[in-house]
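Take a look at the structure below.
The values are calculated or read from the model by the stated rules, or taken from the named source; none is laboratory data. Everything numeric in this text was worked out from a predicted model, so none of it was measured. Here the Cβ is made from the backbone with ideal geometry for all residues, glycine too, and neighbour counts use every protein chain on show.
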Amino acid sequence: MQEHKYSIKQWSKDDRPREKLLSTGAENLSNSELLAILIHNGTRQKTAVDLAKEIMKLGKDSLNELGKLSVKELMKIKGIGEAKAITIAAALELGRRRQAALPLEKAVIKSSNDIARHLQTRLKDHQHEVFAVLFLNRANKVNHFEVLSEGGITATIVDPRIIIKKALQENAVSIVLCHNHPSGSLKPSRADEELTKKIKEAARYFDIAVMDHIIVSEAGYYSFADEGLL
């Protein structure tokens, strides 16, 4: 037997989040109501809002925690299939990118603090270690940001040649290296220090300056430049 789904169109007018968004504005909807719009349809037993509330509960009623959940984890909720889970994951990623882009729009990088929060926003939800690079022009403005390597739970491997090649493609005169520590620790490892030295030496041959190497976690950030390690 085909399962009947509760469409938002079948709800009473006061309970329809799409109509509410149009009449009062998106800012007046709860997180669950906004998620319900993404989900679109509920199941025979639950409305889209009911499912949205379950998703928020899975994320400990926190959008920050929700952003850490994978598609497979979202699909643990009965009624959330792959398509719905992908839609939610995509929406959260757009929000993350928007938040990360705002501090650096037309900004000139002058200190580690200028970019640390940006990098925290971009990388904090990764459950494994990733290595990223900011490519800067002569005015110290960010031309490009890219994650160049993704590793396991404890480490990632980065090829300095890839970084230099990308820097040349982006016409970068300086770069900022960055990686996250999912464990929360901000202390650089010996491998972190050796990799930084290797990249700095390679970049010097192409007149590309390594301005900093920043480690980020939810607890904060660590700057190689601020600590005198560059």
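Just one of (1) among the hydroxyl-bearing types (Ser, Thr, Tyr); (2) surrounded by fewer than 16 Cβ atoms within 10 Å (Cβ to Cβ); (3) in contact (Cβ under 8 Å) with a residue 60 or more places away in the chain fails for residue 205. It is (3).
Against the condition touching a Phe, Trp or Tyr at 6+ places or on another chain (Cβ under 9 Å), in a strand (DSSP E or B) and under 24 Å from residue 65 (Cβ atoms), how does residue 175 come out, does it pass?
Details: touching a Phe, Trp or Tyr at 6+ places or on another chain (Cβ under 9 Å): yes; in a strand (DSSP E or B): yes; under 24 Å from residue 65 (Cβ atoms): no.
In short, no.
Just wondering, is there one or more residues in region 217-230 that are of a type in the set (D, E, K, R), closer than 20 Å to residue 149 by Cβ, touching a residue at least 24 places away in the same chain (Cβ under 8 Å) and in the same structural domain as residue 159 (by TED's automatic domain parsing)? I'd like the intermediate steps shown before the answer.
First, the residues of region 217-230 that are of a type in the set (D, E, K, R): 218, 226-227.
Going one step further and asking which of them are closer than 20 Å to residue 149 by Cβ, we end up with none.
Within region 217-230, none of the residues are of a type in the set (D, E, K, R), closer than 20 Å to residue 149 by Cβ, touching a residue at least 24 places away in the same chain (Cβ under 8 Å) and in the same structural domain as residue 159 (by TED's automatic domain parsing).
I need a count of the residues in region 172-196 that are within 25 Å of residue 138 (Cβ to Cβ) and exposed (fewer than 15 other Cβ atoms within 10 Å of the Cβ). Reasoning before the result, please.
Going residue by residue through region 172-196, those that are within 25 Å of residue 138 (Cβ to Cβ) are 172-178, 196.
Filter once more, so that each one left must be exposed (fewer than 15 other Cβ atoms within 10 Å of the Cβ): none.
The number of residues fulfilling the criteria is 0.
Just one of the listed residues (199, 215, 164) is crowded, with 18+ Cβ neighbours inside 10 Å and under 20 Å from the mean Cα position of the chain (by Cα), namely 215. For region 68-82, residues that are surrounded by 12 or more Cβ atoms within 10 Å (Cβ to Cβ) and either in contact with a Ser or Thr (Cβ under 6 Å, 6 or more places away or on another chain) or part of a helix (DSSP H, G or I) (or both) total 4.
Selection within region 116-146: residues that are out of contact with any helix residue (DSSP H, G or I) (no Cβ under 7 Å at 6 or more places or on another chain) and small (Gly, Ala, Ser). The member of this set that is farthest from residue 158 (Cα to Cα) is 139.
Among the residues of region 150-165, write down those that are at pLDDT below 85 and under 19 Å from residue 199 (Cβ atoms). It would help to see each step written out before you state the result.
Looking only at region 150-165, we keep the residues that are at pLDDT below 85, and these are 150-158.
Residues satisfying the conditions are 150, 151, 155, 156, 157, 158.
Going by the structure shown, is residue 147 more than 24 Å from residue 228 (Cα to Cα), touching a strand residue (DSSP E or B) at 6+ places or on another chain (Cβ under 6 Å) and assigned to a strand (DSSP E or B)? Yes.
Would you check if there is a residue in region 197-211 being in a loop (DSSP other than H, G, I, E, B) and under 19 Å from residue 122 (Cβ atoms)? No, the conditions are met nowhere in region 197-211.
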